[in-house]
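For reference, the structure is listed below as structure tokens.
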Amino acid sequence: MAIDLAERSADHAEKVFSARARRATAAINRLSRDIQCLWAPAGTADVQRYRLWQTATGTAKSSWSQRFAHH
């Protein structure tokens, strides 16, 4: 998922820029914190992938999103 790639990229950037990335004013620091807020609250990434697959293939037994249920 994109969130996995974003987290990995931020981790690599922190390693490249080392202590400089840890400064509170550093963009890398801010982005690393922001990425943590993007995780879906309903479960692990694997569960989310499975639910998305069910929805995409029409095999979901129930709606997992209020927004999706209205369409």
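The values are calculated or read from the model by the stated rules, or taken from the named source; none is laboratory data. Worth saying up front: this structure is predicted, and the values here are computed from it rather than measured. Cβ sites come from the backbone with ideal geometry, for glycine too, and all protein chains shown count toward neighbours. These area figures cover heavy atoms from the full protein model, side chains too; ligands, DNA and RNA do not enter into them. Shrake-Rupley method; radii C 1.70, N 1.55, O 1.52, S 1.80 Å.
Values as computed for the structure displayed
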read-out: Within segment 1-22, considering residues that are among the charged types (D, E, K, R) and modelled with pLDDT of 85 or more, the one surrounded by the fewest Cβ atoms within 10 Å (Cβ to Cβ); value: Lys15
read-out: Selection from segment 37-61 of residues that are of a type in the set (S, T, N, Q), free of Cβ contacts under 8 Å to residues at least 12 places away in the same chain and part of a helix (DSSP H, G or I); value: Gln54, Thr57
read-out: Selection within segment 46-70 - hydrophobic (A, V, I, L, M, F, W, C), exposed (fewer than 13 other Cβ atoms within 10 Å of the Cβ) and at pLDDT 65 or above; value: Val47, Trp53, Ala56
read-out: Condition check for Leu38: hydrophobic (A, V, I, L, M, F, W, C) and surrounded by 12 or more Cβ atoms within 10 Å (Cβ to Cβ); value: no
read-out: Near pairs, Cβ below 7 angstrom, 6+ apart or cross-chain, from segment 5-32 (part of a helix (DSSP H, G or I)) to any residue that is open to solvent by 70 Å² or more (accessible area, probe 1.4 Å) and aromatic (Phe, Trp, Tyr); value: Ile28/Phe17
